[in-house]
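Just below is one structure, and these are the notes that go with it.
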Amino acid sequence: MKKCIFCGKTETDFDKNNIFTEEHIIPQSLGNETLKLFNVCKRCNSGLGTYVDNYFVNNMFVKMIRQNLGLKGQSGVIPNAFTEGKNKDGHRIRVDENFHPTLVPHIEQSGNTIKINAPSKKTAKKMIQKKFSRLNIPEK
Ligand SMILES: [Zn+2]
């Protein structure tokens with residue numbers, strides 16, 4: 001009888017939502033299509049995906065290798081290891097697929113002065129409302 005190598009449960013122990021699934025020994029997003037185990041239950045496989053594979057394949061250095069080799073993730077997109085960073089002023093920047101950087105909207109507070117960097121007045125207004133709400137300051 002088949003037994004999950006992680007939790008030790010067999011098919012007779014499973015509820016209808018837990019079944020045996022394909023476990024890729026090396027994550028699929030690293031190009032592994034053939035090295036698989038078939039004695040891992042869906043629940044354990046999901047936990048591995050969330051708590052192990054996800055952190056590993058999204059590590060910046062692993063992403064750089066995936067990007068360099070053109071290894072697509074499950075979404076079919078080649079990852080960009082440099083999607084987010086900081087500029088010389090310490091502000092967060094994002095980079096799109098064409099490597100065009102944009103400043104991540106943010107609020108700077110220095111004493112009674114608040115400086116907002118946002119892509120539109122509408123976004124800036126929402127950001128300031130949220131900031132005032134957190135500080136318990138009436139909007140007007
Ligand atoms: Zn299991």
Item to check | Among ASP89, ASP13, ASP53, residue whose mean-square fluctuation peaks in a GNM of the chain (springs only between Cα atoms under 10 Å) | outcome: ASP89
Checklist outcome for this item: Rounded to the nearest 10, the angle in degrees between the Cα long axis of helix 121-134 and the longest principal axis of the Cα atoms of the chain comes to 80
Checklist entry - Normalised by the residues of region 32-90, what does the relative contact order come to in percent, with Cα pairs under 8 Å and at least six apart? => result 21
Next on the checklist: With n ≥ 4 as the cut-off for DSSP H runs, can you work out [θ] at 222 nm for the chain, using -39500 (n - 2.57) per run divided by the number of residues, rounded to the nearest 500?
Outcome noted: -7000 deg cm²/dmol
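Just add up the charged neighbours of THR83: K/R +1, D/E -1, any other residue whose Cβ is under 14 Å from the Cβ of THR83. Present the calculation step by step, with values, prior to reporting the outcome.
Details: positive: LYS63, ARG66, LYS86, ARG92, ARG94; negative: GLU84, ASP96, GLU97.
Value of the local net charge: +2.
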Item to check | In nm, spacing of pseudo-spin labels at ASN39 and ASN68 (7 Å Cα→C-beta vector) | outcome: 3.7
Checklist entry - Going by alpha carbons, how many degrees (0 to 90, nearest 10) lie between the helix axis of 60-69 and the longest principal axis of the chain? => result 70
Checklist outcome for this item: XL table LYS16/LYS36; LYS9/LYS42; LYS2/LYS36; LYS42/LYS63; Cα-Cα > 18 Å flagged, in table order, is LYS16/LYS36; LYS42/LYS63
Item to check | Quotient of Cα Rg and 2.2 N^0.38 Å for region 11-78, N being how many residues it contains | outcome: 1.25
Checklist entry - What aspartates and glutamates could a cross-link reach from LYS72, if we take a straight Cα to Cα line under 15 Å and drop same-chain neighbours fewer than 8 places away? => result GLU33, ASP53, GLU97
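Which net charge results for the neighbourhood of PHE14, defined as the other residues with beta-carbon distances under 14 angstrom from its beta-carbon, given Lys and Arg at +1 and Asp and Glu at -1?
Details: positive: LYS2, LYS3, LYS9, LYS16, LYS42, ARG43; negative: GLU11, ASP13, ASP15.
Net of charged neighbours comes to +3.
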Item to check | Spin-label model distance (nm) - ILE116 vs THR102, 7 Å beyond Cα toward Cβ | outcome: 1.7
Item to check | Loop-located GluC sites (Glu not before Pro) in region 56-140 whose Cβ has at most 12 other Cβ within 10 Å (DSSP) | outcome: GLU97, GLU139
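Quick one: plug the Kirkwood hydrodynamic radius of the chain (C-alpha pairs) into Stokes-Einstein at 20 °C, 1.002 mPa s, and report D in µm²/s. Mind dumping the intermediate values first?
Values: Rh = 19.2 Å.
Translational D for this selection: 112 µm²/s.
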Checklist outcome for this item: Under a Gaussian network model of the chain whose springs join Cα atoms within less than 10 Å, the largest fluctuation of THR34, THR12, THR113 belongs to THR113
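We did not get these values from a lab; they are worked out from the coordinates using the rules stated. Just so it is clear, the model here is predicted, and its values are computed rather than measured. Using ideal geometry, Cβ is built from the backbone for each residue, glycine included, and neighbour counts are taken over all protein chains shown.
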